Amino acid sequence: MLITAVVSIIVAFVAAAIGYILRKHVAEKKIQDAEAQAGHILEQARKEALDKRREVELEAKDLLYRVRQDFERENKDRRLEISGMEKRLTQKEENIDRRLDLLEKKEKELDSKHEGIKKQEDGLKLKDNQLNLLVAEEKERLQKISSLSAEEAKQILLSRLNEELSNEKAALIKKQEDDLRATSDKKAREILSLAIQKCAAEHTVESTVSVVALPNDEMKGRVIGREGRNIRALEMATGVDVIIDDTPEAVTISAFDTVRREIARLSLEKLLADGRIHPGRIEEIVEKTKKEMDEKIREEGERAAFEAGVNGLHPEIIKLLGRLKYRTSFGQNALQHSKEASFLLGSMATELGLDFKLARRVGLLHDIGKAVDHQVEGTHAKLGADLAKKYGESAEVVGAIESHHEEAPIQSIYGVLAIAADAISASRPGARRETLETYIKRLEKLESIANLFKGVDKSFAIQAGREIRVIVQPEKITDSEATAMARDIRKKIEEGMEYPGQIKVTVIRETRAIEYAK
């Protein structure tokens, strides 16, 4: 038992020793592992710190490099800027030096001129003194020879000088007037010829058609209707006269108002194409055509304004322009005539350095009164001026419209140009329906009427027969007789001729004094 206990104690002791040794060995191993791990961590931290340091060094170097580049670039720009400024300053200094040299030269020239003027003044003073002495001597001689006082001789001399100066002044004024007249006539011809060349208008213009063609003569009965009810309905709806006579396959429409006549023509053509012709259908078609006609008139006005380059017109003026499409004067379409006048006015204004747009506006609107002259009393020039003023046109446009037939005083150059453009467009070949033979006969008759009167030297029909200028013999006709003659010629023309519009009679009495120096 004792042995067992001793053995147990020994075993326990040995086990405790072995356990201690084992625990110590394990602890040492753990310590070693911990130390190794700590060393590894320290080594890794050292490497990371080294890498971080290198990275920071690289970033710092890169930043330093960029800063250095920016500095060098900025320094280079500054150097370039300073170099440019130095060049500019050098140029300015050179310019200033050149200007100083020029100023010095001019000062020298002025000084030399001043000295020359001084010498001239001294010479003039000397001459003036000599002249005074000569005048005094001449006065004494005159007084001795003529026994006149100095004041009397002075008056005689002044009167002679005044007479000579008056003659020279009259001759100079006459020469200047002749030169000015020749120059202005030449310039006017150039401007008008250029304007005519630029106006590429058609030689023939369509006139409003008032005859409707029928497919056959049987259609006349359908147009007339039972007991004439269809034709009466058409006449009442449109306000025109529908004439059906023996003319084969045709119906004539007659009306003073060309717009109403055009509405009737279009309505009748639609009825013929539709085939249903009765009072109800006629009224329906006419109302529809009236609306279409209003729109067509507006479109024509807008098209004319666009072609002429005229903007900002009142809508009512646009409609009135469109109505001119259906208005003719001696076969010439009024809207086409207005556009031609607008182009001509613009060309002439450009040559004279005037307002091109204003001139175009005057030309386009100069005959606007013709759109209402069959509805309102008055001449188309006065009516047009009233309409232009009513719808906000400028005073220059209104004045030019009112004076383009010289019924009112001409207020501006645009009025003169309007007269010229109107005459050119109306009198060009093919513009108006009048044969050359009839035209020539009318002009010859106009001149022959003026030549019947005693004291008439020459007579000229101008402006396409709108004016007759009569030159009388001044020794046979006095001023009062010239006035009476103009009135008598006017009466003779009214009694013996038929003509459109009005004819202006101008009697010219001119006295000329001519002398020849030999």
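The values are calculated or read from the model by the stated rules, or taken from the named source; none is laboratory data. Since this is a predicted model, take the numbers as computed values, not measurements. Cβ coordinates were reconstructed from backbone atoms using ideal geometry, including for glycine residues, and neighbour counts include every protein chain displayed. Surface accessibility is based on the protein's heavy atoms, side chains included, excluding ligands, DNA and RNA. Shrake-Rupley method; radii C 1.70, N 1.55, O 1.52, S 1.80 Å.
For (1) more than 30 Å from Asn167 (Cα to Cα); (2) of a type in the set (S, T, N, Q), each residue gets a yes or a no:
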| site | (1), (2) |
| --- | --- |
| Val456 | yes, no |
| Phe460 | yes, no |
| Arg466 | yes, no |
| Val472 | no, no |
| Ser480 | no, yes |
| Ala486 | yes, no |
| Met497 | yes, no |
| Lys504 | yes, no |
| Glu510 | no, no |
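Inspect all residues belonging to the stretch 316-332 and state whether any of them is of a type in the set (S, T, N, Q) and open to solvent by less than 10 Å² (accessible area, probe 1.4 Å). Checked the stretch 316-332: at least one residue is of a type in the set (S, T, N, Q) and open to solvent by less than 10 Å² (accessible area, probe 1.4 Å). Within the stretch 426-454, how many residues turn out to be open to solvent by 70 Å² or more (accessible area, probe 1.4 Å), in a loop (DSSP other than H, G, I, E, B) and either at pLDDT 75 or above or over 19 Å from Tyr499 (Cβ atoms) (or both)? Summing the residues that are open to solvent by 70 Å² or more (accessible area, probe 1.4 Å), in a loop (DSSP other than H, G, I, E, B) and either at pLDDT 75 or above or over 19 Å from Tyr499 (Cβ atoms) (or both) in the stretch 426-454 gives 3.
Name the residues in the stretch 490-505 that are outside any loop (DSSP other than H, G, I, E, B), closer than 28 Å to Gln332 by Cβ and touching a helix residue (DSSP H, G or I) at 6+ places or on another chain (Cβ under 7 Å), would you? Result: Ile493, Gly496, Val505. When the residues of the stretch 345-365 are narrowed to those that are in contact with a Gly (Cβ under 8 Å, 6 or more places away or on another chain) and farther than 16 Å from Ser425 by Cα, which ends up modelled with the highest pLDDT? Step by step, filter the stretch 345-365, then rank; the result is Lys357. Listed conditions (1) under 30 Å from Asp217 (Cα atoms); (2) free of Cβ contacts under 8 Å to residues at least 40 places away in the same chain; (3) open to solvent by 10 Å² or more (accessible area, probe 1.4 Å) are all met by Arg261, apart from (2). Only one entry in Gly369, Gly363 is more than 19 Å from the chain's Cα centre (by Cα) and either outside any loop (DSSP other than H, G, I, E, B) or in contact (Cβ under 8 Å) with a residue 24 or more places away in the chain (or both), namely Gly369. Name every residue in the stretch 1-20 that is exposed (fewer than 10 other Cβ atoms within 10 Å of the Cβ) and in a helix (DSSP H, G or I), in order of residue number. Across the stretch 1-20, the qualifying residues are Leu2, Ile3, Thr4, Ala5.
When Gly309, Gly275 are checked against the criterion of being surrounded by 13 or more Cβ atoms within 10 Å (Cβ to Cβ) and at positive phi, Gly309 stands alone in meeting it. Number of residues in the stretch 152-166 that are open to solvent by 100 Å² or more (accessible area, probe 1.4 Å) and either at pLDDT below 75 or not in a helix (DSSP H, G or I) (or both) equals 6.
For the stretch 387-397, the criterion of being charged (D, E, K, R), open to solvent by less than 60 Å² (accessible area, probe 1.4 Å) and in a loop (DSSP other than H, G, I, E, B) is satisfied by at least one residue. Do we find a residue being modelled with pLDDT under 75 and basic (Lys, Arg) anywhere in the stretch 190-204? Yes; the residues of the stretch 190-204 include at least one that is modelled with pLDDT under 75 and basic (Lys, Arg).
All conditions in (1) more than 17 Å from Ala423 (Cβ to Cβ); (2) touching a strand residue (DSSP E or B) at 6+ places or on another chain (Cβ under 8 Å); (3) not charged (D, E, K, R) hold for Gly353, with the sole exception of (2).
Restricting to the stretch 469-513, give me the number of residues that are among the β-branched types (Val, Ile, Thr) and touching an Asp or Glu at 6+ places or on another chain (Cβ under 7 Å). The total comes to 4.
When restricted to residues that are in a helix (DSSP H, G or I) and among the small types (Gly, Ala, Ser), the stretch 272-291 contains 2. Filtered by the rule that a residue be more than 44 Å from the chain's Cα centre (by Cα) and in a helix (DSSP H, G or I), the stretch 238-271 gives a lone residue, Leu271. Scanning the stretch 398-415 for residues that are open to solvent by 70 Å² or more (accessible area, probe 1.4 Å) and free of Cβ contacts under 8 Å to residues at least 60 places away in the same chain, we see that the one that is farthest from the chain's Cα centre (by Cα) is Glu407.
Is it the case that the stretch 455-474 has a residue that's out of contact with any helix residue (DSSP H, G or I) (no Cβ under 8 Å at 6 or more places or on another chain), among the hydroxyl-bearing types (Ser, Thr, Tyr) and open to solvent by less than 100 Å² (accessible area, probe 1.4 Å)? There is no residue in the stretch 455-474 that is out of contact with any helix residue (DSSP H, G or I) (no Cβ under 8 Å at 6 or more places or on another chain), among the hydroxyl-bearing types (Ser, Thr, Tyr) and open to solvent by less than 100 Å² (accessible area, probe 1.4 Å). Does Glu467 satisfy being at pLDDT 80 or above, on the phi > 0 side of the Ramachandran plot and of a type in the set (Asp, Glu)? In short, no. Scanning the stretch 279-295 for residues that are of a type outside the set (Val, Ile, Thr) and under 43 Å from the mean Cα position of the chain (by Cα) turns up Glu287, Lys288, Lys290, Lys291, Glu292, Met293, Asp294, Glu295. When each of Glu115, Glu104 is tested for being open to solvent by 90 Å² or more (accessible area, probe 1.4 Å) and at pLDDT 85 or above, the lone residue that passes is Glu104.
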